[in-house]
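Peer 1: Sharing a structure here in structure tokens format.
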Amino acid sequence: MNVQKRKVPNKRFWENKKVLITGHTGFKGSWLSLWLLQMGCDVIGIALEPENEKNLFDLLNLKDQIKHYICDIRNKKAFGEIIKKHKPDIIFHLAAQPLVITSYKKPLETWQVNVMGTVNLLDEISYLDKKCSVVFITTDKVYENNEWTYGYREIDKLGGLDPYSSSKAACELAIHSWRESFYSSNQYQKTNFSIASARAGNVIGGGDWSENRIVPDVIRSLEKNNEIHIRNPSSTRPWQHVLEPLSGYILLAERLHSDENDIFCSPFNFGPELEANKSVLELVQECLKHWEGDYTIQNNNEKLHEAGKLNLVIDKAYNTLDWKPRWDFCKTIDITINWYKNFTLKKKSPLESCLNDLSLYID
């Protein structure tokens, strides 16, 4: 790829925009809420209560800074009433059941939340009588995984063996169907809507305490001075700091809302450079360079299917959005572990740490 300047979100564009975030109480949703608030947005959030007692949403006191609604997106009537009440300019749909292991234990719930929750939103926005742009966040796991070393492109075949991946692939089909059937420029279709999907995964960063995620598991072990248990040491993932895909979502929303080119009403991959595709073992070893500890490799007794190799081609976002990742793998780990050390060992304010990381990323 040719060298070019990395584009950053346009703060002037976002001032006073009414932005709805579903899943705003989650890890990514909390970071996105904070970022949008810093740009002067009127933020509306729809989500369930945070799953963990320790969570970034509460630590940042976001409840008192936004219009905060506890609502299950499977409840179409309640979900729709909030949308109609606030009439958002832009929507980021993050609400989901996001974990592969949980999807094996709760497959029906996973499909209901991920697919029908998405379909509910697709239908409810049709009642808005204003311009509205929607970015649906899915995952890098929507692709039919062939365990090859090549990166997946937006035009590659969708699939998924586990309930989580397959449900997210189904979301992509629903989004494409609604866009082509109802929200396009053809006769009898509504032209005041622009919708796109964003595919990213394996985000890390300060403030994540979710279950069954490798970095939160590492932090929990380090905080207690316990050995880190590694389940799938050779599995490789495109690790990236949470601010990287969020910047892509924001830039995509800007173009959706202000540009008539249909190329933006389509799927986009947001991932790191190829060098950031590291194994779980390499990730843990890099973490321990910043916070001393030990690890042990355990057999995966559950034997649940998870992709072994996974990476994305990001040329489309690079060439059409002028987006590219800023932090390499080592920098990402450094910033992430430093956030947790500041919180746990130095008792530093989570808000101060988040704002410092955000400032560092934007500058």
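Peer 1: V119: net charge of surrounding residues, Cβ under 11 Å, Lys/Arg +1, Asp/Glu -1, itself excluded?
Peer 2: 0
Peer 1: Under the definition of Cα pairs under 8 Å and six or more residues apart, what whole-number percent is the relative contact order of segment 55-206?
Peer 2: Averaging sequence separation for qualifying contacts and normalising by length gives 25 percent for segment 55-206.
Peer 1: For K54, list the aspartates and glutamates whose Cα falls under 13 Å from its own Cα; do not include residues on the same chain fewer than 8 positions away.
Peer 2: Partners found: D208, E211.
Peer 1: Picking from L56, I83, P163, whose Cα lies most toward the positive end of the charge dipole for the chain (charges on Cβ: Lys, Arg +1; Asp, Glu -1)?
Peer 2: In the chain, that residue is I83.
Peer 1: How long are the three semi-axes of the equivalent ellipsoid for the chain, computed from the Cα gyration tensor as the root of 5 times each eigenvalue, in whole Å, largest first?
Peer 2: Value: 31, 23, 21 Å, ordered largest first.
Peer 1: Moving on to the next point. Given a cut-off of 18 Å, what percent of all Cα-Cα pairs of segment 32-182 lie beyond it?
Peer 2: The share of Cα pairs beyond 18 Å in segment 32-182 comes to 62 percent.
Peer 1: A further question on this structure: Determine, for F268, F92, the number of other Cβ atoms within 10 Å of each Cβ, and report the residues in order from fewest to most.
Peer 2: F268, F92
Peer 1: Counting Lys and Arg as +1 and Asp and Glu as -1, each charge on the Cβ, what is the dipole of segment 62-190 about the Cα centre in debye, to the nearest 20?
Peer 2: Its charge dipole is roughly 520 debye.
Peer 1: Rounded to the nearest 5, what % of DSSP beta bridges with both residues in the chain are antiparallel?
Peer 2: Counting DSSP beta bridges with both partners in the chain, the antiparallel share is about 10 percent.
Peer 1: So what is the calculated 222 nm ellipticity per residue for the chain, using -39500 (n - 2.57) for each DSSP H run with n of 4 or more, over all residues, to the nearest 500 deg cm²/dmol?
Peer 2: -11000 deg cm²/dmol
Peer 1: Students often get this wrong, so check it: of K85/K168; K190/K316; K18/K63; K67/K141; K7/K331, which have C-alpha atoms separated by over 24 Å?
Peer 2: K85/K168; K190/K316; K67/K141, as the Cα separations exceed 24 Å there.
Peer 1: Could you give the dipole magnitude of segment 1-120 about its Cα centre, charging the beta-carbon of Lys and Arg +1 and that of Asp and Glu -1, in debye to the nearest 20?
Peer 2: The dipole magnitude comes to about 540 debye.
Peer 1: Rounded to the nearest 20 debye, what is the charge dipole size of the chain about its Cα centre when +1 sits on each Lys and Arg Cβ and -1 on each Asp and Glu Cβ?
Peer 2: 640
Every number here is computed from the coordinates shown, using simple stated rules; none is lab data. Predicted model only: the values in this text are computed from it and were never measured. Every residue, glycine as well, gets a Cβ built from its backbone with ideal geometry; the counts of neighbours run over all protein chains shown.
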